[in-house]
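Report on the structure given below.
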Amino acid sequence: GQNIDQPTEMTATEGAIVQINCTYQTSGFNGLFWYQQHAGEAPTFLSYNVLDGLEEKGRFSSFLSRSKGYSYLLLKELQMKDSASYLCAVRSQAGTALIFGKGTTLSVSS
Amino acid sequence: DGGITQSPKYLFRKEGQNVTLSCEQNLNHDAMYWYRQDPGQGLRLIYYSQIVNDFQKGDIAEGYSVSREKKESFPLTVTSAQKNPTAFYLCASSIETGWSEAFFGQGTRLTVV
């Protein structure tokens, strides 16, 4: 079977750094994606990893270790607007759809 | 402006009625997807299509049907066989089902009463 695990909820304060972990067990691996979703809205793409290592995009970075089936999303200099759900998704094989974890709800307080 | 359009945003139907959710994209994407989202459940795949006139079942296809007669359109029908149809439905598309990310529509919230 295929399984993607993320923490259900996390809290942090403005200006802080938070790391959201994702572990996956899939029949294959063809890329790992992170999405942000505000309540009642569509998910928006944040980052993509296919090779091991760190991908940096402004305040957001994503890390992948394929041998460990592990990824994390790092959010720096947190802002109130970062309060949202963060979804980890894996494409197990080329030509298939993304499989999503249940998402991590991040609450940022002042 | 290019994008994915889902309509309507809110939809109410009586129990036992079939209902069709619209999804149109003008991004010239080959692949299209339908997901269902329930509280605490994340996104679950209903159906996806890589090319016109072809589609594949996802993890929760029972009680749903789709068609892909045009590249731009991928409508989802929620049939009376779907036991718990009230949910948030998201349509997405991507250039291909290889490495590219999926772009999502704004979703349709279906409530069956």
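Values in this text are rule-based calculations from the coordinates and carry no lab data. All figures in this text were calculated on a predicted structure; none of them were measured in a lab. When we count neighbours, we look across all protein chains shown, and the Cβ atoms used for this are built from the backbone with ideal geometry, even at glycine.
For the range A:79-110, the set of residues classified as in contact (Cβ under 8 Å) with a residue 40 or more places away in the chain, within 11 Å of chain B (Cβ to nearest Cβ) and of a type in the set (A, V, I, L, M) consists of A:L87, A:A89, A:A94, A:L98, A:I99, listed by residue number. Applying the condition of being closer than 18 Å to B:T5 by Cα and facing chain A (nearest Cβ under 10 Å) to the range B:32-45 and asking which residue is surrounded by the fewest Cβ atoms within 10 Å (Cβ to Cβ) yields B:Q37. Please indicate, with yes or no, whether at least one residue in the range A:82-95 is assigned to a strand (DSSP E or B), crowded, with 19+ Cβ neighbours inside 10 Å and more than 15 Å from the chain's Cα centre (by Cα). No, that holds for no residue. Tell me, which residue of the range B:32-71 that is in a loop (DSSP other than H, G, I, E, B) and in contact (Cβ under 8 Å) with a residue 40 or more places away in the chain is farthest from A:Q2 (Cα to Cα)? Across the range B:32-71, the extreme among qualifying residues is B:K71. For the range A:5-36, the set of residues classified as within 11 Å of the chain's Cα centre (by Cα), within 13 Å of chain B (Cβ to nearest Cβ) and outside any loop (DSSP other than H, G, I, E, B) consists of A:D5, A:C22, A:L32, A:F33, A:W34, A:Y35, A:Q36, listed by residue number.
Picking from residues in the range A:46-78 that are assigned to a strand (DSSP E or B) and within 13 Å of chain B (Cβ to nearest Cβ), the one that is nearest to B:F104 (Cα to Cα) is A:L46.
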